[in-house]
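Have a look at the structure below, then the notes.
The values are calculated or read from the model by the stated rules, or taken from the named source; none is laboratory data. Treat the numbers as computed from the prediction; the structure is a model and nothing was measured. Using ideal geometry, Cβ is built from the backbone for each residue, glycine included, and neighbour counts are taken over all protein chains shown.
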Amino acid sequence: MKILENKVVLITGTAGGLGRVAALTFAREGAKVVGSDINVEANNETVELVRSAGGEMTGIAPIDLTDHEQARKLVEEAALAYGGLDVVYNNAAIQKFGPMPDFSIEDWRRTIAGELDIPFFVSKYAWPHLVKRGGGVILNVASISGMIAGDIPPMVGHAAAKGGVIAMTRQLALEGARHGIRAVAISPGPFLTPASDRDLGDNQEARDAVTKKTLLKRFGQPEELVELAVFLASERAAYITGVNYAVDGGATAW
Ligand SMILES: NC(=O)c1ccc[n+]([C@@H]2O[C@H](COP(=O)([O-])OP(=O)(O)OC[C@H]3O[C@@H](n4cnc5c(N)ncnc54)[C@H](O)[C@@H]3O)[C@@H](O)[C@H]2O)c1
C-alpha cells in the first residue's frame, strides 16, 4: 500500500516550484491532493501533470491566501472536494528582500503577510476539519533563514517571518497533540525554483556564494525536499511533532 493512500492533502502554492513537485509526489504516494494558488493557469498545468501521471488532484484557484476570507473559502472547498482533510502542507509564500535600514515598511508588511499570515490562516481554518477526522498533520515550509542569518540577499523580513513559522509550528504541535494533530516544520536551504531563480537573477557571484555555504556545494532539487514531507505526513512519522527539519545540504551545520 502507498504511504498516503486515501489521505486528503491540501497543498498551497501548487502552481510551480516546490509546491508543484509536492503535488506530484504526494499524489504518487496515493494522496488525494487539493492544490491551490493565486496563479490559475500554472495551477491548472499542475493538475494536468498530476492526472496524467495517474494521480488524483483538484485545483482551486485563484485564491489570494493573504486574505483570510479567501483562505477560509479555500479550506471549506478543499474539505468538500474529497469529504474531509488529513494533511495541510503550508507551502505558499511570497516575500520581499532588502537591506537594513532601507527595507520599507510596506515590504516588511507584505513579507509578514506573505510568509506568516498565510500558514496561520490556512492552519486556523483547517484545524476543526483535522479535529473532526480525529487528528492530522500540519506541515509548514519555513526556511533556514528562520534558523541562521543570511546576507544573500539581505532578508530581515524573510528571516523574521520564517523564524515565526518555526515558532508557530511548535505551538501548533503543543495545542494540537490533544487532538491527534502533529505539526512539523521543514526548512529548505537553497533550492532552485522559479522564485529563487528570479531573486538571484543573473548574479553568478551570488549564486556561487549561496551554494558555497552548503556542504554539498549545490542547490537542492525539489524532490529532495518533498520526499521528506511525504514521509512526515504519513503514519510512519507518527512520533514526530513540534520539530523543525533543515533540508539544506549542510548549510546550517557550520
Ligand atoms: N526555493 C528556495 O530556495 C526556498 C528556500 C527556503 C524556503 N523556501 C520556501 O519554500 C516555499 C516554496 O517556495 P518556492 O521556491 O517553490 O516559491 P515559488 O514562488 O516558486 O512558489 C510559491 C507559490 O506560492 C504562490 N503564492 C504566492 N503568493 C500567494 C498568495 N498570496 N496566495 C496564494 N498563492 C500564493 C505562488 O504563486 C507560487 O506558485 C515557500 O514557503 C518558500 O519561502 C524556498
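Looking at Gly30, Gly19, Gly54, Gly59, which one is of a type in the set (Gly, Ala, Ser) and in a strand (DSSP E or B)?
None of the others qualify; the one that does is Gly59.
Where the second residue is hydroxyl-bearing (Ser, Thr, Tyr) and at pLDDT 95 or above and the first is under 24 Å from Arg178 (Cβ atoms) and lies in the range 133-149, which pairs have Cβ atoms under 8 Å and are six or more apart or on separate chains?
Sorted first by the residue in the range 133-149, then by its partner, the pairs are Ile138/Ser123; Ile138/Thr169; Leu139/Tyr89; Asn140/Ser123; Asn140/Thr169; Ala142/Thr169; Ala142/Ser187.
Say whether the condition of being over 24 Å from Lys7 (Cα atoms) and either surrounded by fewer than 17 Cβ atoms within 10 Å (Cβ to Cβ) or more than 16 Å from the ligand (Cβ to nearest atom) (or both) is met by at least one residue in the range 81-90. Full working, then the answer.
At the first step, the residues of the range 81-90 found to be over 24 Å from Lys7 (Cα atoms) are none.
Within the range 81-90, none of the residues are over 24 Å from Lys7 (Cα atoms) and either surrounded by fewer than 17 Cβ atoms within 10 Å (Cβ to Cβ) or more than 16 Å from the ligand (Cβ to nearest atom) (or both).
From the list His179, His129, pick out the single residue that is part of a loop (DSSP other than H, G, I, E, B) and modelled with pLDDT of 95 or more. Outline the logic, then answer.
Numbers: His129 fails: part of a loop (DSSP other than H, G, I, E, B).
Exactly one of His179, His129 is part of a loop (DSSP other than H, G, I, E, B) and modelled with pLDDT of 95 or more, namely His179.
In a helix (DSSP H, G or I), under 28 Å from Gly134 (Cα atoms) and either within 13 Å of the ligand (Cβ to nearest atom) or out of contact with any Pro (no Cβ under 7 Å at 6 or more places or on another chain) (or both): is that true of Ala42 in this structure?
Judged against the criteria, Ala42 is not a match.
Evaluate the following for Gly163: is it within 12 Å of the ligand (Cβ to nearest atom), surrounded by 13 or more Cβ atoms within 10 Å (Cβ to Cβ), under 17 Å from Ser145 (Cβ atoms) and not hydrophobic (A, V, I, L, M, F, W, C)?
Working: within 12 Å of the ligand (Cβ to nearest atom): no; surrounded by 13 or more Cβ atoms within 10 Å (Cβ to Cβ): yes; under 17 Å from Ser145 (Cβ atoms): yes; not hydrophobic (A, V, I, L, M, F, W, C): yes.
In short, no.
For the range 168-212, how many residues are within 13 Å of the ligand (Cβ to nearest atom) and small (Gly, Ala, Ser)?
6
Considering only the range 162-174, I want to know if a residue exists there that is outside any helix (DSSP H, G or I) and under 18 Å from the mean Cα position of the chain (by Cα).
Taking the range 162-174 and keeping what is outside any helix (DSSP H, G or I), we get none.
No, every residue in the range 162-174 fails to be outside any helix (DSSP H, G or I) and under 18 Å from the mean Cα position of the chain (by Cα).
Are any of the residues in the range 242-250 in a helix (DSSP H, G or I), of a type in the set (Val, Ile, Thr), surrounded by fewer than 23 Cβ atoms within 10 Å (Cβ to Cβ) and modelled with pLDDT of 95 or more?
Step one: filter the range 242-250 for residues in a helix (DSSP H, G or I), giving none.
Checked against the condition, which is being in a helix (DSSP H, G or I), of a type in the set (Val, Ile, Thr), surrounded by fewer than 23 Cβ atoms within 10 Å (Cβ to Cβ) and modelled with pLDDT of 95 or more, the range 242-250 yields no hits at all.
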